[in-house]
Amino acid sequence: MKVKDMVENINFHDSNVIKLLYENNIVKLKLDLCMWQQKNYKEGDSEQKEILLVFNAVEDYIWDSLKTEKDIDYDTILDMSYNGGIVKIILLDGEVSIITFKCDEVKIYLT
């Protein structure tokens, strides 16, 4: 799936990052996605769904935070955007963390 399409069709606000892993030009984000934030949510549906986002062929990965990626523990997503081929994810858990990287494709897995 194109990252642009994912960001346009999935609302990540208030979802939680369970785990972040960056190695070998791959970013893996395990999330508790807030289903109640999605356009197609219906009363009675599950409010949360655990998913895994896998971004391949990542370039120019930058982690901007006072804490390390390993310190991620249900950090809340404030915003996920895609502009000019750059993914930007803003997290909050006591302080703001910002992840940016260049990538065009993402795979989404239910866990």
How do 72-85, 36-49 rank on mean C-beta neighbours within 10 Å, highest first?
-> 72-85, 36-49
Which whole-number percent is the relative contact order of region 1-89 (Cα, under 8 Å, 6+ apart)?
-> 34
Under a plain spin-label model, where a point goes 7 Å from the Cα along Cα-to-Cβ, how far apart in nm are Leu52 and Ile26?
-> 0.9
Expressed per residue, the solvent accessible area of the chain in Å² (1.4 Å probe) is about 59
Dipole of region 8-111, Cα-centred, from +1 at each Lys and Arg C-beta and -1 at each Asp and Glu C-beta, to the nearest 20 debye?
-> 260
Share of accessible surface on carbon and sulfur in the chain, whole %, 1.4 Å probe and ligands ignored, is 48
So how much slack lies between Glu105 and Thr68, counting 0.36 nm per residue of separation and subtracting their Cα-Cα distance, in nm?
-> 10.8 nm
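The values are calculated or read from the model by the stated rules, or taken from the named source; none is laboratory data. Values in this document were obtained by computation on a predicted structure and should not be read as measured data. Every residue, glycine as well, gets a Cβ built from its backbone with ideal geometry; the counts of neighbours run over all protein chains shown. All accessible areas refer to the heavy atoms of the entire protein, side chains included, with ligands and DNA or RNA removed. Shrake-Rupley method; radii C 1.70, N 1.55, O 1.52, S 1.80 Å.
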